[in-house]
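This report concerns only the one structure given below.
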Amino acid sequence: MFRTAWVSRRNRLASGGVLLLAAVAVLLDLAFPPDLSRLEDSSQLVLAADGSLLRGFTTESGAWRLPADPDAVSPAYMKMLLAWEDRRFTSHPGIDPLAAARAFSQLVRHGRIVSGASTITMQTARLLEPRERTLGAKFHQMWRALQLERRFTKDEILTQYLTLAPYGGNLEGIRAASLAWFGKEPRHLAPSEAAVLVALPQSPESLRPDRYPDRARAARDKVLGVMEGRGVLTADIVAEARLDPIPSRRRPMPFDAPLFAWRMTTAHPEAGIITSTIDAGLQRALERLVLGEQGGLDEGASIAVMVVENESRRVLAYLGSSDFFDDSRYGQIDMIQAVRSPGSTLKPFIYGMGFDDLMIHPDTVVADMPTRYGNYQPENFLKVYRGEVTIREALQQSLNIPAVTVLMHVGPRRVDARLRGVGVNLEYGGGGLEPGLPLALGGVGTTLGDLMTLYAGLAGGGVVKPLSSTLAEAGETPAIPLIGEAAAWYLTRILEDAPPPTDFVESWMTRDKRYIAFKTGTSYGYRDAWAIGYDARYTVGVWVGRPDGTPSPGRYGRATAAPVLFRIFRQLPGSGRPANPYRPEDAIVAATRDLPPGLQRISAGEQAPASIGRSLVQPLLVSFPPDGAVVELREGEGGYAPLPLIADGGRKPLRWLVNGEPLDASPHRRRADWRPDGEGYVQITVIDADGVAARAQVLLK
């Protein structure tokens, strides 16, 4: 009886002791949690839409500590890591008793450490809180390992290890190591590469491949041999892996879209990983293209490029300068965000508002001659004038006088307010300046980013949405109408028919024609050259100029920026159809004479005498197809597709003849469409109101 009571009391005391120890352990765990600050101080990363790294930033201590994801690591590497470091990782509680017993037995038997007993969890604890290698530090690791196992899943502990493990120099984590030593993401590691990275953390400095290649090779081969012995790799794979070279140098980290990445980290300073909308392949292709284009520019000039997907308004490519590392071109200044004069690039939106007001139509006639608007007397870019033109021709030829005339009727303040309503804030400089007629010719400040917002809206039927730079933003931006659907349709058809740069005329006429609606612009003093265009799928913007604002004489939008624009479109997949392809019900298709009287003509300000106007008219010329051109015929319905004939200069009305036969075409337009009936030479003639004739002989084939 007495013995039974004593045993019972002893058991209760033992149970109480166990409970007390457990309670103390829990309290200690709560009072002294693991220090995760090193894990939280990871490199900030900006990723492309596919998850690949565009650019990373080192930690405050200068380490490349890239957050890892076990699912994004080669399965072969993961198997090799566990087989090498911790075969019972999935089953032990943070400490492996069998490994500890084996290590202690070997220590007693040999008098030295033959193999360690540190689990991956214990190594993670050491990486989180580095300490001197002492017996006390080992017990501390064991305690922290138990804490980690209690707080985190096995996958989370693996993630921590893969983020913190050292790989030589300032490289920490499997992703940084894979990119630096092999130039690839860890999901693509080959067996030989995986073996190198399994071995490196054991002695990251003495096994560095770039400094001690023989040691690194021996360590790799040892890992491969163990993997073969443990059945992780076959003999054939191991034999082949041993033939692979050891990396002889450390590769630079990815450095794509550097200015975009800097902008993203500035906008999201607390975000560890920013997944952007950038298309990595397109970004790199355009970086190469623009770097090549830079060679033909003046000293100190740069190029900025932006590509947007119309449907989603996602930014697919962002080049704030042509060469980030070229200080002579101010390569670290983001010219997409720089406020510059937009030249003529706002003209389509002025005309669009005029279309909305039923004030003008594409075939409304407007005077292009020296005109005074109160105290303001603008000039055309080349100081030549074309007399009476249609709105269509005025926009295609970027004539200044008609644009100012329409702006005078629409109202500069109204245009400014409409643009502000969709988030585009024009800048007018100091001194309390207000919107005025110079707005039409670039007498304001704006950015390439804002112009891209407007033109992507034009491609989207006149509806503007803020552009998305991150996947988190995509699809959540509000839609705001800027101009009506009919106005957007008019503008798209007009800008599509604008002749392309000289080097691209042939492709413009081929069966594979790309429907690109585009507008160029040049700021005062040749400081900025612009070209912005769109098709059914993409909007592309190009700026060329000197970031310091000094002029580049002779560098204007059509000659300098437009060729870059068209080369970029060649890099983009086509859709085979134009933007805004379907005519809205309220869009009017009619010649000038068939329009309602109020739409046939729009008046200007005080015009110069007619004799002066005639003396300033540009000489008549068949600008397309140019004299001596070889034009490839395209198949169309019922024969060959119509060939556009375009005249510059002279005074309307115009008459067209092909091989001496009159062509049925509107005399008030500078474009006529003629359907060829076969191959061979043809002579094209245009005659203006003064009886002046211009001719072009071309070969059709």
Candidate set from segment 374-406 (those that are in contact with a strand residue (DSSP E or B) (Cβ under 8 Å, 6 or more places away or on another chain) and in a strand (DSSP E or B)); member that is nearest to Arg593 (Cα to Cα): Thr390
Hey, Asp503 among the acidic types (Asp, Glu), on the phi < 0 side of the Ramachandran plot and either at pLDDT below 95 or not in a helix (DSSP H, G or I) (or both) or not: yes
Evaluation of Arg250 against (1) in the same structural domain as Ala165 (by TED's automatic domain parsing); (2) of a type in the set (Lys, Arg); (3) in contact (Cβ under 8 Å) with a residue 12 or more places away in the chain (one fails), failing number: (1)
Restricting segment 50-85 to residues that are among the charged types (D, E, K, R) and buried (at least 20 other Cβ atoms within 10 Å of the Cβ), the residue that is nearest to Arg251 (Cα to Cα): Arg55
Whichever residue in segment 676-696 is of a type in the set (A, V, I, L, M, F, W, C) and assigned to a strand (DSSP E or B) and, among such residues, is surrounded by the most Cβ atoms within 10 Å (Cβ to Cβ): Val686
Count of segment 243-265 residues which are over 14 Å from the mean Cα position of the chain (by Cα) and either among the aromatic types (Phe, Trp, Tyr) or over 17 Å from Val315 (Cα atoms) (or both): 12
Subset of segment 425-442 (residues that are out of contact with any strand residue (DSSP E or B) (no Cβ under 7 Å at 6 or more places or on another chain), surrounded by fewer than 22 Cβ atoms within 10 Å (Cβ to Cβ) and closer than 29 Å to Pro478 by Cα): Asn425, Tyr428, Glu434, Pro435
In segment 160-183, residue surrounded by the most Cβ atoms within 10 Å (Cβ to Cβ) [restricted to those that are out of contact with any Phe, Trp or Tyr (no Cβ under 6 Å at 6 or more places or on another chain), of a type in the set (A, V, I, L, M, F, W, C) and assigned to a helix (DSSP H, G or I)]: Ile174
Failed item, numbered, when Glu388 is tested on (1) in contact with a helix residue (DSSP H, G or I) (Cβ under 6 Å, 6 or more places away or on another chain); (2) over 22 Å from Tyr526 (Cβ atoms): (1)
Filtered residue count, segment 204-231, keeping only those that are closer than 20 Å to Pro252 by Cα and hydroxyl-bearing (Ser, Thr, Tyr): 1
Qualifying residue in segment 305-325 (condition: in a loop (DSSP other than H, G, I, E, B), closer than 21 Å to Ala479 by Cα and among the hydroxyl-bearing types (Ser, Thr, Tyr)): yes
Ala180 modelled with pLDDT of 95 or more, closer than 30 Å to Val46 by Cα, out of contact with any strand residue (DSSP E or B) (no Cβ under 8 Å at 6 or more places or on another chain) and assigned by TED's automatic domain parsing to the domain that holds Ser61: no
The lone exception for Phe569 - which of (1) in contact with a Lys or Arg (Cβ under 9 Å, 6 or more places away or on another chain); (2) over 27 Å from Pro500 (Cβ atoms); (3) part of a helix (DSSP H, G or I); (4) at pLDDT 90 or above it fails: (2)
Qualifying position, being at pLDDT 95 or above and surrounded by fewer than 23 Cβ atoms within 10 Å (Cβ to Cβ), among Ala317, Ala338, Ala304: Ala338
All positions within segment 557-581 that are in contact with an Asp or Glu (Cβ under 9 Å, 6 or more places away or on another chain) and of a type in the set (S, T, N, Q): Ser575, Asn580
Qualifying positions in segment 452-493 - in contact with a Pro (Cβ under 6 Å, 6 or more places away or on another chain) and of a type in the set (A, V, I, L, M, F, W, C): Val463, Ala486, Trp489, Leu491
Filtered residues of segment 630-649 (kept if in contact (Cβ under 8 Å) with a residue 60 or more places away in the chain, under 37 Å from the mean Cα position of the chain (by Cα) and not in a strand (DSSP E or B)): Glu632, Leu633, Arg634
Filter result for Gly557 (in contact with a Ser or Thr (Cβ under 6 Å, 6 or more places away or on another chain) and crowded, with 23+ Cβ neighbours inside 10 Å): yes
Filtered residues of segment 650-677 (kept if in contact (Cβ under 8 Å) with a residue 12 or more places away in the chain and of a type in the set (D, E, K, R)): Arg651, Lys652, Arg655, Arg669, Arg670, Arg671, Asp673, Arg675, Asp677
Checking Gln571 against (1) within 19 Å of the chain's Cα centre (by Cα); (2) crowded, with 18+ Cβ neighbours inside 10 Å, the condition it does not meet: (2)
Count of segment 329-385 residues which are of a type in the set (Lys, Arg) and under 24 Å from the mean Cα position of the chain (by Cα): 2
Counted residues, segment 524-535 - those being at pLDDT 95 or above and either part of a loop (DSSP other than H, G, I, E, B) or among the basic types (Lys, Arg) (or both): 1
Positions within segment 333-368 being within 19 Å of Ala604 (Cα to Cα), assigned to a loop (DSSP other than H, G, I, E, B) and either without any contact (Cβ under 8 Å) to a residue 40 or more places away in the chain or among the β-branched types (Val, Ile, Thr) (or both), in sequence order: Ile360, Thr364
Single unsatisfied condition, Ile273 versus (1) outside the structural domain of Tyr538 (by TED's automatic domain parsing); (2) within 15 Å of the chain's Cα centre (by Cα); (3) aliphatic (A, V, I, L, M): (2)
Lone unmet requirement of (1) assigned by TED's automatic domain parsing to the domain that holds Leu179; (2) without any contact (Cβ under 8 Å) to a residue 60 or more places away in the chain; (3) under 18 Å from Gly169 (Cα atoms) for Ser192: (3)
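The values are calculated or read from the model by the stated rules, or taken from the named source; none is laboratory data. Quantities reported herein were computed from a predicted structural model and do not represent experimental measurements. Positions of Cβ are generated from backbone atoms using ideal geometry, with glycine treated the same way; all protein chains shown enter the neighbour counts.
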